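Trainee: Dropping a structure here in structure tokens format, bear with me for questions.
The values are calculated or read from the model by the stated rules, or taken from the named source; none is laboratory data. Predicted, not measured: the structure shown is a model, and the values here were computed from it. Glycine also receives a Cβ, built like all others from the backbone with ideal geometry; neighbour counts cover every protein chain displayed. The protein model used for the area step is the full one, side chains on, heavy atoms only, and it has no ligands, DNA or RNA in it. Shrake-Rupley method; radii C 1.70, N 1.55, O 1.52, S 1.80 Å.
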Amino acid sequence: MPQFYFYRIPYIRITLVQVKPTMIKKLDNNNVLIATKMRVIFKESYAVEAALLKAVNFPPLQRPLECYIESTTTFFGYHIKDEIVGIIEVSPKEKTTHINSLVVSPHFFRQGIGRQLMQHVLQNFSSKVFTVETGLENIPASKLYTSFHFKEVKQWDTDHGVRKIRFKLSR
């Protein structure tokens, strides 16, 4: 049930503002049920990216459940109702935070979920430097990162046939 608060603006009118529940929450990847749900979203999203990059044997699609459960990275999930529909995975350090993964369920593409997950990380980690990598041909991801003022710092070819690009944000 949404909560409503009334704000009185003197001599003008009363404005009604809806307060949305927090949609981004830290995920307990050590919980097998949560890790299993996470893996489904990663696989769905990375299958789309693999097709976009024309990649064969795309390593993110081969990540086993145990890697999610045992990971020491930090995961945040974007929730709609009680369903996780987007995930950002980060490796925060004192001076640098690396964004390992940003995935959204294809059923929820183009709804600003990836943008909100990026904003969450940038607002909640005090690192001076943020880095992220993607496939060079993943134009939607590159546009998202550059919209946050990330700058290209490197390109290289992987051993699985994908040209990658690394972005860096210094603040």
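Trainee: Among all residue pairs at least 6 apart or on different chains, which show Cβ distances below 9 Å where the first residue, located in the stretch 126-142, is over 16 Å from P106 (Cβ atoms) and small (G, A, S) and the second is open to solvent by 50 Å² or more (accessible area, probe 1.4 Å) and not in a strand (DSSP E or B)?
Mentor: Taking only residues 6 or more apart or on different chains, the pairs are S126/E94; S127/K93; S127/E94; S127/K95; S127/R171; G135/L52.
Trainee: I would also like to ask the following. E89 versus (1) charged (D, E, K, R); (2) open to solvent by 20 Å² or more (accessible area, probe 1.4 Å); (3) on the phi < 0 side of the Ramachandran plot: which is the lone unmet condition?
Mentor: For E89, the failing item is (2).
Trainee: If we keep just the residues of the stretch 11-54 that are at pLDDT below 95 and touching a His at 6+ places or on another chain (Cβ under 9 Å), which is least open to solvent (accessible area, probe 1.4 Å)?
Mentor: M23
Trainee: Given the criteria without any contact (Cβ under 8 Å) to a residue 40 or more places away in the chain, closer than 16 Å to L27 by Cβ, exposed (fewer than 13 other Cβ atoms within 10 Å of the Cβ) and not small (G, A, S), does D82 qualify? Before the answer, list the steps.
Mentor: On the way: without any contact (Cβ under 8 Å) to a residue 40 or more places away in the chain: yes; closer than 16 Å to L27 by Cβ: yes; exposed (fewer than 13 other Cβ atoms within 10 Å of the Cβ): yes; not small (G, A, S): yes.
Yes: the conditions hold for D82.
Trainee: Among (1) over 15 Å from the mean Cα position of the chain (by Cα); (2) open to solvent by 40 Å² or more (accessible area, probe 1.4 Å); (3) of a type outside the set (S, T, Y), which single condition is V129 missing?
Mentor: Single failed check for V129: (2).
Trainee: Right, here's the next one. If you check every pair at least six apart or on different chains, which have Cβ atoms under 7 Å apart with a residue in the stretch 146-159 that is closer than 15 Å to G114 by Cα first and a residue that is assigned to a helix (DSSP H, G or I) and open to solvent by less than 100 Å² (accessible area, probe 1.4 Å) second?
Mentor: Here the result reads F148/M118; F148/L122, each pair linking the stretch 146-159 to a residue that is assigned to a helix (DSSP H, G or I) and open to solvent by less than 100 Å² (accessible area, probe 1.4 Å).
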